[in-house]
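The values are calculated or read from the model by the stated rules, or taken from the named source; none is laboratory data. Keep in mind it's a predicted model, so treat the numbers as computed, not measured. Positions of Cβ are backbone-derived with ideal geometry, glycine not excepted, and every protein chain shown enters the neighbour counts. Areas reflect the complete protein model, heavy atoms only, side chains present, ligands, DNA and RNA absent. Shrake-Rupley method; radii C 1.70, N 1.55, O 1.52, S 1.80 Å.
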Amino acid sequence: MGARRDNITGMERAQIAMEVMPSHRQRGVVSQLAREFSVSRQTIYTIAAEGKARLNQAMEPGAHGAKVSQKMIRIDREHVERSTVVLTRFGVSQRDIPICLEELLGTRRSCSWVNAQLAQREAIAAQVNQNWRPGVEESLSGDEIYSNGSPNLLVV
């Protein structure tokens, strides 16, 4: 009989640990628990030792103040592609974007990959702009932006 018994719940394991841990426990408690749960006395001692170790670990003083929660983000291809566009929007050069992606997202990309992604996004934007036909009553405003070193007129 081992310490791994699926029929003993976590609550029962905690109760076993609490009954066995005190050094002033009554004589025969371990044998009684072993009979009650159909396990060996050694299994009862193992459960008690695990309970004591977990209690000691949980009660160890830690850092003061509010705990910083760990936030996990899932990095997928779309996330990296969007990050490339956002970094470009805020003036990060195409040579520096791979460094940012590696430091922030833990992913390695080449300068040529960044250039290809930006060219693809620019082509999609150009297609959307070409298909857009403003109504007569709409007011238009123009601005010049630079893409791949060439000036482009943007009408809003």
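Would you mind calculating the gained length between Ala58 and Ser112 on full extension (0.36 nm times residue separation, minus the Cα-Cα distance), in nm to one decimal? Each step should come with its number before you reach the end.
Details: separation 54, 0.36 × 54 = 19.44 nm, distance 4.99 nm.
That works out to 14.4 nm of additional length.
In segment 8-49, what percent of the accessible surface is made up of carbon and sulfur (1.4 Å probe, ligands and nucleic acids excluded)? Please list the in-between numbers first.
Working: 1430 of 2720 Å².
Taking all protein chains in place, segment 8-49 shows 53 percent carbon and sulfur surface.
According to the square roots a ≥ b ≥ c of the eigenvalues of the Cα gyration tensor, what is the shape class of segment 38-88, taking rounded for a/c under 1.5, prolate for a/b larger than b/c otherwise, and oblate for the remainder? Could the numbers behind the result be given before it?
Details: a/c = 8.97, a/b = 2.40, b/c = 3.74.
Here segment 38-88 falls in the oblate category.
Given the peptides 111-124, 22-35, arrange them by the average over their residues of other C-beta atoms within 10 Å, most packed first. Can you show the working numbers first?
Values: 111-124: 14.7, 22-35: 11.4.
Taking the mean over residues of other Cβ atoms within 10 Å, the ranking is 111-124, 22-35.
Hey, what do the phi angles of segment 109-125 turn into as Karplus ³J(HN,Hα) couplings, whole Hz, using 6.51/-1.76/1.60 and θ = phi - 60°, x for Gly and Pro?
Rounded to whole hertz, the list is 9, 8, 4, 5, 5, 4, 4, 5, 5, 5, 4, 5, 5, 5, 5, 5, 5.
Indicate the gyration tensor shape class of segment 1-140 (rounded, prolate or oblate), computed on the Cα atoms with a ≥ b ≥ c the square roots of the eigenvalues: a/c under 1.5 is rounded; otherwise a/b larger than b/c is prolate and the rest oblate. Intermediate values should be presented prior to the final figure.
Working: a/c = 3.99, a/b = 3.59, b/c = 1.11.
Prolate is the answer for segment 1-140, as a/c is 1.5 or above and a/b outweighs b/c.
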